[in-house]
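The values are calculated or read from the model by the stated rules, or taken from the named source; none is laboratory data. For clarity, every value in this text was computed on a predicted model and none was experimentally measured. Because the Cβ atoms are built from the backbone with ideal geometry, glycine has one as well, and the counts that use them run over all protein chains shown. The accessibility values were calculated without ligands, DNA or RNA, using every heavy atom of the protein model including side chains. Shrake-Rupley method; radii C 1.70, N 1.55, O 1.52, S 1.80 Å.
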Amino acid sequence: MASEDAGALYVLVDSNREYLRQWLPWVDRQQGPQDSAQFIESARKDNRAGVALTLGIEHQGEIAGVIAFHEFAGDNRQTSMGFWISSSHQGKGIVSSSCERLMEYAFTDLELNRVVMKIAQGNLRSRRVAERLGLACEATSRQSEWLYDHYVNQVIYAITADQWSADPARLRSAC
Ligand SMILES: CC(C)(COP(=O)(O)OP(=O)(O)OC[C@H]1O[C@@H](n2cnc3c(N)ncnc32)[C@H](O)[C@@H]1OP(=O)(O)O)[C@@H](O)C(=O)NCCC(=O)NCCS
């Protein structure tokens, strides 16, 4: 994402507020284009420093969502992923294919060993993305995420480099 994307990113968040708020904790902190500009600036800084990787998801030349590796855990060669896409772009396979591309990059180019997704237990759509990509459900963390006025349990999904290269699909499991 470039700094010029701040206006479009803010419009996307603002027009999807209720939909995003159901599962993402930061939505209320986005109160104007300046907040999106700050988000992009901070993401670009982290990208340059190699401590995280946050990218815009584009569809037909327009920003449709965001996907990220939140941090790279040094010697453990591990990262966690997050993503969202506007409601009008849902159900087209865009998030699944974006995750797949980025995970391939993580395991081949970055030579990471493990990719994790922490997903609210009730976010079935997001859990299907993880399961479709072959991440295994490892555990459930109780009340580990605060969403505005309540805690939610998070399901921990993960896949390792050897599992990814062997056959991601065979790992599908449900918690
Ligand atoms: C969760 C979320 C990212 C899922 O996005 P999505 O667009 O529905 O996911 P995908 O694009 O990968 O595809 C989902 C559906 O599209 C279908 N699809 C259509 N074409 C496809 C293709 N070429 N490849 C893969 N799936 C395809 C899939 O079968 C799937 O259907 P299913 O869920 O009934 O099995 C999205 O709903 C979202 O942003 N929600 C709000 C924020 C959020 O929850 N973020 C995640 C926090 S952990």
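Against the conditions (1) over 20 Å from V115 (Cβ atoms); (2) open to solvent by 50 Å² or more (accessible area, probe 1.4 Å); (3) at pLDDT 95 or above, V27 satisfies every one except (2). Only one of the numbered conditions (1) open to solvent by 40 Å² or more (accessible area, probe 1.4 Å); (2) within 23 Å of G65 (Cβ to Cβ); (3) not basic (K, R) is violated by Y151, and that is (2). When Q60 is tested against (1) polar (S, T, N, Q); (2) closer than 21 Å to V13 by Cα; (3) in contact (Cβ under 8 Å) with a residue 12 or more places away in the chain, exactly one condition is not met: (3).
When R44, R21 are checked against the criterion of being away from the ligand (no atom under 14 Å from the Cβ), touching a residue at least 40 places away in the same chain (Cβ under 8 Å) and among the basic types (K, R), a single residue qualifies: R44. Counting the residues of the stretch 24-41 that are under 16 Å from the mean Cα position of the chain (by Cα), within 16 Å of the ligand (Cβ to nearest atom) and either hydroxyl-bearing (S, T, Y) or assigned to a helix (DSSP H, G or I) (or both) gives 2.
Criterion applied to S141, S80, S87 was being within 8 Å of the ligand (Cβ to nearest atom) and open to solvent by less than 60 Å² (accessible area, probe 1.4 Å), and the one residue passing it is S87.
When every residue of the stretch 96-110 is checked against the conditions, none turns out to be of a type in the set (G, A, S), more than 14 Å from the chain's Cα centre (by Cα) and within 27 Å of K45 (Cα to Cα). Looking at the stretch 51-164, the strands (runs of 3 or more DSSP E) lying wholly inside it that each contain 2 or more residues that are touching a helix residue (DSSP H, G or I) at 6+ places or on another chain (Cβ under 9 Å) and of a type in the set (D, E, K, R) sit at 62-72.
Within the stretch 102-134, being within 11 Å of the ligand (Cβ to nearest atom), among the acidic types (D, E) and surrounded by fewer than 16 Cβ atoms within 10 Å (Cβ to Cβ) holds for no residue.
Apart from one condition, Q60 fits all of (1) at negative phi; (2) within 16 Å of the ligand (Cβ to nearest atom); (3) not hydroxyl-bearing (S, T, Y); the exception is (1).
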